Every structure is written in structure tokens, then in C-alpha cells.
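Colleague: One structure is given below, represented as C-alpha cells, and several questions about it will come after.
The values are calculated or read from the model by the stated rules, or taken from the named source; none is laboratory data. Everything numeric in this text was worked out from a predicted model, so none of it was measured. For neighbour counting, all protein chains shown are included, and Cβ atoms are generated from backbone atoms with ideal geometry for every residue, glycine included.
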């Protein structure tokens, strides 16, 4: 007999302050897994070979090449395990439970070795002010499984709606993917024009890394589980065109932050809206329009109605 689960709110409540220790530990664990993917995957523009992706159970790498074989890694936030699956058929698991980053790093690298997946990474974090090498990090050791599960459910909703938004663009556009450096889910559209060299400035990240990421004019959006309240949806343009910050965007709770240089929309404002999907889509479309209109993008060539063939589908 199939287990009956309790009804639950599609957009879960998860206050940033209630899971900060777990979030900071999970951030470091995700960096370890992301760097393993980066060690084997061939370079793709804007570092698209390095992120993780929302999966039905958590966050996953997708297929990682390994010689003539392959493997993948998934954070399973249902059973609270890190699962490593090799094309040989072998499977390795590391428990997601309270433990230090140092212990997690050892367990993951040992499990990879047992599966014959020898991997060397630059074993220290990026995009954080204090970069403690993974093997020495005993400071971050919290893991609350319920919080991790709620965070994944936040990502499921954000990923679903951002994919719907992505479908309206036929120009160059990134996947909807989870960047473990900043710990945010993101999707980026491109005008087709090159951009000025990015000046850098992210902590513990070489300027050349940012130059690659921002090599072309873009409009980016996503979800970040930080800041105040329950996290933030964001949208920005690079380079920011004149008048971008003054463009009228929605919904009402959205605003331009001079400190962050981007539009922000509190997750809570979306979660409590009469129609959360519509509220978030309004934010995504209007902030993109701010970039495209103020930046004089060729919108006719870059956009299309994703329902354009629906009348012919059986």
C-alpha cells in the first residue's frame, strides 16, 4: 500500500535566521560537490559546466564524464544522503547529518576513491569572505534535515516558475541552474552583444573568473536563500543600462536595492500572494523588460510565445 503523505503548502515557510547554521554548512558541502563536477567537465561558456540542478529529490550534478565512463552526484533531501552513482553500476553514499565540512570532505573523497573515481580539486571555498580549506573546516557542522528539505521545496517552486519564464526567450539563455559559489538558483538571458570586461571583486574569486561569467551583455534573475525574511528573488543587468533602476517593475513588493545593484522581491511576498506564480512571473518579466528596453535589445528577434504551436498539438 502506498504511503499517504500529509497535505503541504506548495510554497513552504523557511525563515533565513532559523536555518543559518545548516545553510552555511550545506553551502560548503555543495561547493565540494560542485568542484568535483568542475574537475571533470569540459569548459562551457560562463561556467555553465559547474552548477547543480534541482531534481525530484534534491540537488544533482547531472552526468559527469570520467574517461570513457561517467558518474553523477545527488544531494537527496528525502533520505538525507549524498548519492554517487557510477556508470559501472556501483553506488556510494554519504550520510547527510550533523558533521563538519572536514569530515564530509574526507567521506566524499574516500567514497569516490572506493568507486574508482579519483578526483583532485582546489579544496577551498570561493565567494565567501573567510575561505577555510575544506579539510580544516570544523567550524561548519550543522545539518537540520527538515530545513534542508524545506529549502529544496523552495527551490522546486522557484525552478518551476523560472523555467516557465525562460520558455519565452529564443536567444542565448542559460539553463536554470544552482550556482554553488553564491548558493543561488539562476537563469540568464543574453542580448547577443559583448560586454565590458567585468572588474571582479567577488571574495576569493579571480577577476578572470568574473570576466568569463560576464563576457556578454545579460539580464539575470534567480532566487537566493539569504538576506532578510525568507530569502529573495533577484534580477539585475550587466552592464546596467541607464534608467534601469527607475524602470517600473512589479509586483508592489519589488524594489531596486542600491546596495546590491539589483531588483529584489522577498520570497515571503510571493509565497503569500493570491497567485504566487503570477506574482513571481510579473517580477521576472518586468525586470527583464527593464534590461531589454533600457538596453535597447532586439526583442523581436529574441522573444517568442512558448504556446505558438499549441493549436497544432494533439
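Each row is one residue, and each column tells you yes or no for (1) out of contact with any strand residue (DSSP E or B) (no Cβ under 9 Å at 6 or more places or on another chain); (2) farther than 23 Å from residue 200 by Cα; (3) assigned by TED's automatic domain parsing to the domain that holds residue 159.
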residue: 231; (1), (2), (3): no, yes, yes
residue: 237; (1), (2), (3): no, no, yes
residue: 249; (1), (2), (3): no, yes, yes
residue: 259; (1), (2), (3): yes, no, yes
residue: 294; (1), (2), (3): no, yes, yes
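Colleague: Taking residue 197, is it closer than 30 Å to residue 123 by Cβ and modelled with pLDDT under 95? Reasoning before the result, please.
Modeller: On the way: closer than 30 Å to residue 123 by Cβ: yes; modelled with pLDDT under 95: no.
In short, no.
Colleague: Next question. Does the stretch 203-214 contain at least one residue that is in contact (Cβ under 8 Å) with a residue 24 or more places away in the chain, touching a strand residue (DSSP E or B) at 6+ places or on another chain (Cβ under 8 Å) and more than 22 Å from residue 104 (Cβ to Cβ)?
Modeller: Yes, the stretch 203-214 has at least one match.
Colleague: What's the total number of residues in the stretch 134-181 that are touching a strand residue (DSSP E or B) at 6+ places or on another chain (Cβ under 7 Å), assigned to a loop (DSSP other than H, G, I, E, B) and over 25 Å from residue 307 (Cβ atoms)?
Modeller: Qualifying residue count, the stretch 134-181: 1.
Colleague: A further question on this structure: Taking residue 56 and the conditions (1) in contact (Cβ under 8 Å) with a residue 12 or more places away in the chain; (2) assigned by TED's automatic domain parsing to the domain that holds residue 118, which numbered condition does it fall short on, given that it satisfies the others?
Modeller: Unmet condition: (1).
Colleague: Also, I was wondering about something else. Can residue 191 be described as farther than 16 Å from residue 155 by Cβ and either buried (at least 20 other Cβ atoms within 10 Å of the Cβ) or not assigned by TED's automatic domain parsing to the domain that holds residue 294 (or both)? So that I can check it myself, show each step before the final result.
Modeller: On the way: farther than 16 Å from residue 155 by Cβ: yes; either buried (at least 20 other Cβ atoms within 10 Å of the Cβ) or not assigned by TED's automatic domain parsing to the domain that holds residue 294 (or both): yes.
It is true that residue 191 is farther than 16 Å from residue 155 by Cβ and either buried (at least 20 other Cβ atoms within 10 Å of the Cβ) or not assigned by TED's automatic domain parsing to the domain that holds residue 294 (or both).
Colleague: Oh, and also: Report whether or not residue 169 is more than 30 Å from residue 81 (Cβ to Cβ), surrounded by fewer than 21 Cβ atoms within 10 Å (Cβ to Cβ) and not assigned by TED's automatic domain parsing to the domain that holds residue 22.
Modeller: On the way: more than 30 Å from residue 81 (Cβ to Cβ): yes; surrounded by fewer than 21 Cβ atoms within 10 Å (Cβ to Cβ): yes; not assigned by TED's automatic domain parsing to the domain that holds residue 22: yes.
Here the answer is yes, as residue 169 does meet what is asked.
Colleague: Pick from 272, 307: which is out of contact with any helix residue (DSSP H, G or I) (no Cβ under 7 Å at 6 or more places or on another chain), without any contact (Cβ under 8 Å) to a residue 12 or more places away in the chain and under 15 Å from residue 169 (Cα atoms)? Working first, answer last.
Modeller: Working: 272 fails: under 15 Å from residue 169 (Cα atoms).
Testing whether each residue is out of contact with any helix residue (DSSP H, G or I) (no Cβ under 7 Å at 6 or more places or on another chain), without any contact (Cβ under 8 Å) to a residue 12 or more places away in the chain and under 15 Å from residue 169 (Cα atoms) leaves just 307.
Colleague: Another question, then. Checking the condition buried (at least 21 other Cβ atoms within 10 Å of the Cβ) and either in the same structural domain as residue 48 (by TED's automatic domain parsing) or farther than 14 Å from residue 162 by Cβ (or both), which residue from 266, 225 passes? Reasoning before the result, please.
Modeller: Details: 266 fails: buried (at least 21 other Cβ atoms within 10 Å of the Cβ).
Among 266, 225, only 225 is buried (at least 21 other Cβ atoms within 10 Å of the Cβ) and either in the same structural domain as residue 48 (by TED's automatic domain parsing) or farther than 14 Å from residue 162 by Cβ (or both).
Colleague: So which of 103, 49 ends up being within 30 Å of residue 187 (Cβ to Cβ) and not assigned by TED's automatic domain parsing to the domain that holds residue 177? Talk me through it step by step, then tell me what you get.
Modeller: Details: 103 fails: within 30 Å of residue 187 (Cβ to Cβ).
Going through 103, 49 in turn, just one is within 30 Å of residue 187 (Cβ to Cβ) and not assigned by TED's automatic domain parsing to the domain that holds residue 177: 49.
Colleague: Going through the stretch 182-199 one residue at a time, which ones are in contact with a helix residue (DSSP H, G or I) (Cβ under 8 Å, 6 or more places away or on another chain) and not in a loop (DSSP other than H, G, I, E, B)?
Modeller: Taking the stretch 182-199 first, the residues in contact with a helix residue (DSSP H, G or I) (Cβ under 8 Å, 6 or more places away or on another chain) are 183, 185, 187-189, 191-192, 197-199.
Those that are in contact with a helix residue (DSSP H, G or I) (Cβ under 8 Å, 6 or more places away or on another chain) and not in a loop (DSSP other than H, G, I, E, B): 185, 187, 188, 189, 191, 192.
Colleague: A further question on this structure: Just to check your reading of the model, which residue among 59, 112, 117 is within 22 Å of the chain's Cα centre (by Cα), buried (at least 19 other Cβ atoms within 10 Å of the Cβ) and modelled with pLDDT of 95 or more?
Modeller: Details: 112 fails: within 22 Å of the chain's Cα centre (by Cα); 117 fails: within 22 Å of the chain's Cα centre (by Cα).
Of 59, 112, 117, the one residue that is within 22 Å of the chain's Cα centre (by Cα), buried (at least 19 other Cβ atoms within 10 Å of the Cβ) and modelled with pLDDT of 95 or more is 59.
Colleague: Which residues, taken from the stretch 87-109, are touching a residue at least 40 places away in the same chain (Cβ under 8 Å) and surrounded by 15 or more Cβ atoms within 10 Å (Cβ to Cβ)?
Modeller: 96, 99, 100, 101, 104, 105, 108
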